[in-house]
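Structure first, commentary second.
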Amino acid sequence: MKADISTSRHALTTSRGDWDGLASVNRVADAIKRRWRQGEVPNLSDALSHNPELRNHRSIVLDLAYAEYRHRQQAGEPVDAETFAKQFPSLEKSLYLLIEVQGLLSRDPELQGFQEALPWPEAGSRYLQFDLVAEIGRGAFGRVFLATEPAIGGRPIIVKIAPRAGGEADILGKLRHPNIVPIYSFCDDPECGLAAFCMPYFGRATLCDVLEQAFEAGNPPARAQAILAAIAKANAGLDCLESDCPDRLLQNACYVDGVIHLVCQLADALAHSHGRGIYHHDLKPSNVLLAPDGRPLLLDFNLSIDSRLPAWKVGGTLPYMAPEELACLVGDRPQSGVSHYDPRSDLFSLGVISYELLTGVLPFGAIPQGDNVDDIAGQLRKRQAIGPRPIRERNRQVDRRLAQLVESCLAFAPDCRPRTASDLADAFRRQLSFRRRAHRWAGNHRRAVAGTAIIVLSFVLAAALFFSLRPPYSARQFQLGVACIERGKYAAAVDCLASSIRANPRSSEAFFARGRAYQRLGDYRAAYADFNASFRLKPNGLAKACEAYCLARAKFQKDAIAACQLAERSGFEHSAVLDNNIGYSYRMLGQLKEAERFLHRATELDDGLLAPHYNLVVVYLRLAQHSGRIPSKALAHAARATEIGAPNAALYRDAAALYATAAKRDPTQAKPAIRWVAKAIELGCPPKTFVSDVCYSTLWKEPSFQRALKTTASVQELLSMVALIDPLDEP
């Protein structure tokens, strides 16, 4: 008797264009393996770098990785399976299991003889009425192909080829359940002793993808969205069949609830099949497809049983087999013609899957080491008798009741497990009730629950004082208006603050806050009026400085200068801000010498302010129109502005103009001028600016200037420089 301990690779789904592409990718993979067989040193990483299209086909990469391992092993290299698998993080678990399982199969001469005796078809050939496109899975008793059926329009399908199964296909065809992959048709090939099962195609994601992606960081994920993310990643690049919107529970629930949701559906599918006398025999993650919407579908319902096989077979994959199945491998064999199978063995396998989904590891450890299947099965059965490590030691997000339910499925004695798949489905469904989900959340968030209890108690106490201590209407509207300003909702802030002012017209703070909101809206006249009202109710330097800023923005420069001077006398401490704004107003009035005086004083008080340095660049440019001279201190201010300022086209344009003017007397300044020209154009300044302004005429014949004009712009919008300083934006 033998165990089907193979690891099936993922079934794929794709549009016809992707289907043709898959055949091409398979040809590439076959060519790589052929070169390896002919003597080229196997190196999958190198092959993937030269053929990146392979990365989107997980089953093909898995096959190539296994092929590299076998070549290296056959060459006499001491390759450790676990270490080798870790080179491929996204495939690590599946690759390790495949290596271990195939190693066992290779040591079984009876099973090897069975494999070699059957005339298995190959990808690229016609078998019965099917064109086999690519092999995507192989087990001890069957092979799975992507195929087309030319007789009915070349529809893409999945075909499993296995030893002939007699009348079983008629039974399997009667399964009708939303969580079971249906069978389209069954074709017998009496000459070869094989049969073909034709099935629809779905996404290529299986629970293997969830296990590998969700636990990639080591710890279980927090949200069930990790399941949908794993499905999307597995199906990346494929034009899958249309499906419903992603499952709402998987979108919104925690990861533990998402696992319960999947397992509950699988238990329902088992209840349906058990009710018709059909037992799965080989439940494992790779036999559970996941549709794009998150719906799990069972695959491979005992398709390889055949009483005429040379070896009596117990179905299953070792780490997922129940103790009573392993007993058949270690000597406790049933008599011929006697059914050995207990449907509760399927529940054990589902328990192993549930444990693995919740913790990321198998409950009884990895496949034991041994020389043959019987020895390994015996070791695994001894571990099962001891029992698994408690789930909650591996994942504290699992509550006690759920842990007990999963662990009951893993009981060594069948009588200690749930009685039927239907009972198990009901038990998992109860775990998704609002009460259980809330209890699980509370257990996993004890601090939050305690904090919530304190908050609730505080709220009750506060409610008793609320009405006696409730602030007046004007204060509430003021607080709401300030909150709107902080959130950037300036129009709403104006409305709230207007209500506050109507209720209390003596509030200097409310006028000041509304002035701020108007200022942010760009209504500088209204802002000035409110800042002025705030100053009259409670004279202070900040209100007057803000009033001066709004006057300057509204182009009342003389009034702005007077307001700045009054702000300084009223206690506004940041004199460099006021000096800059006074200098700006004098600059706008054309009084350049006065502007220069105040702007110099601003830079002496605070050399880290950009605005006065930039204003001085503009002032010196305008003075140079009359004198034709650029003093060295002007260039120093330009250099300082470009040093401390954020990249800005207007800043670099004016710096370039200053250096270009200086270059008329000092040619050494041409180089920095051209550098600023290139920077300005890169930030959106049109090149024509520099060929139409005579201040750049000294540069026109320079080859480096012509190259600078061809600089590629990284932004399209020319941003202006802000030469005024908002008093509220500075310390």
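The values are calculated or read from the model by the stated rules, or taken from the named source; none is laboratory data. Because the structure is predicted, anything quoted here is derived from the model rather than measured. Here the Cβ positions follow ideal geometry from the backbone for every residue, glycine too, while neighbour counts run over all protein chains shown. Accessible surface areas use protein heavy atoms only, side chains included; no ligands, DNA or RNA. Shrake-Rupley method; radii C 1.70, N 1.55, O 1.52, S 1.80 Å.
If the segment from Asp188 to Ala413 were pulled out straight at 0.36 nm per residue, it would be longer than the present Cα-Cα gap by 77.1 nm.
A crude spin-label estimate for the pair Lys688 and Arg126, with each label 7 Å from Cα along the Cβ direction, gives 6.9 nm. Local charge for Ala662 was computed over the other residues whose Cβ lies under 14 Å away, with Lys and Arg +1 and Asp and Glu -1, and equals +4. With labels modelled as points extended 7 Å from the Cα through the Cβ direction, what inter-label distance (nm, one decimal) is found for Ile386 paired with Lys86? A separation of 2.2 nm, rounded to one decimal place. For Lys701, the lysines whose Cα falls under 24 Å of its own Cα, not counting residues fewer than eight places away in the same chain, are Lys664, Lys671, Lys679, Lys688, Lys710. What is the percent carbon and sulfur in the accessible area of segment 588-654, measuring with a 1.4 Å probe over the protein chains and ignoring ligands? Carbon and sulfur: 49 percent of the exposed surface of segment 588-654. Taking 0.36 nm per residue of separation and subtracting the current Cα-Cα distance, fully stretching the chain between Asp729 and Asp30 would add 245.0 nm.
Determine the order of Asp559, Asp374, Asp209 by accessible area, beginning with the largest, at a probe radius of 1.4 Å.
Reading off the accessible areas and sorting them downward yields Asp559, Asp374, Asp209.
Over all other residues within a Cβ to Cβ distance under 10 Å of Ala517, the charged ones net out to +1, with Lys and Arg as +1 and Asp and Glu as -1.
Taking all protein chains together and a 1.4 Å probe, the residues Arg419, Arg487, Arg389, Arg155 rank Arg419, Arg487, Arg389, Arg155 from largest to smallest accessible area.
May I ask you to list the lysines whose Cα is less than 22 Å away from that of Lys382, ignoring any residue fewer than eight positions away on the same chain? Straight-distance partners of Lys382: Lys2, Lys284, Lys313.
Counting only lysines at least 8 places from Lys558 when in the same chain, those with an alpha carbon closer than 21 Å to its own are Lys544, Lys593. Ranked from largest to smallest solvent-accessible area, with a 1.4 Å probe on the protein heavy atoms, Met321, Met721, Met588 come out as Met588, Met721, Met321. Counted by Cβ distance under 13 Å from Thr712, the other residues give a net charge of +2, where Lys and Arg count +1 and Asp and Glu count -1.
Compared with the alpha-carbon gap, the fully stretched path from Lys489 to Ala151 is longer by 115.1 nm at 0.36 nm per residue.
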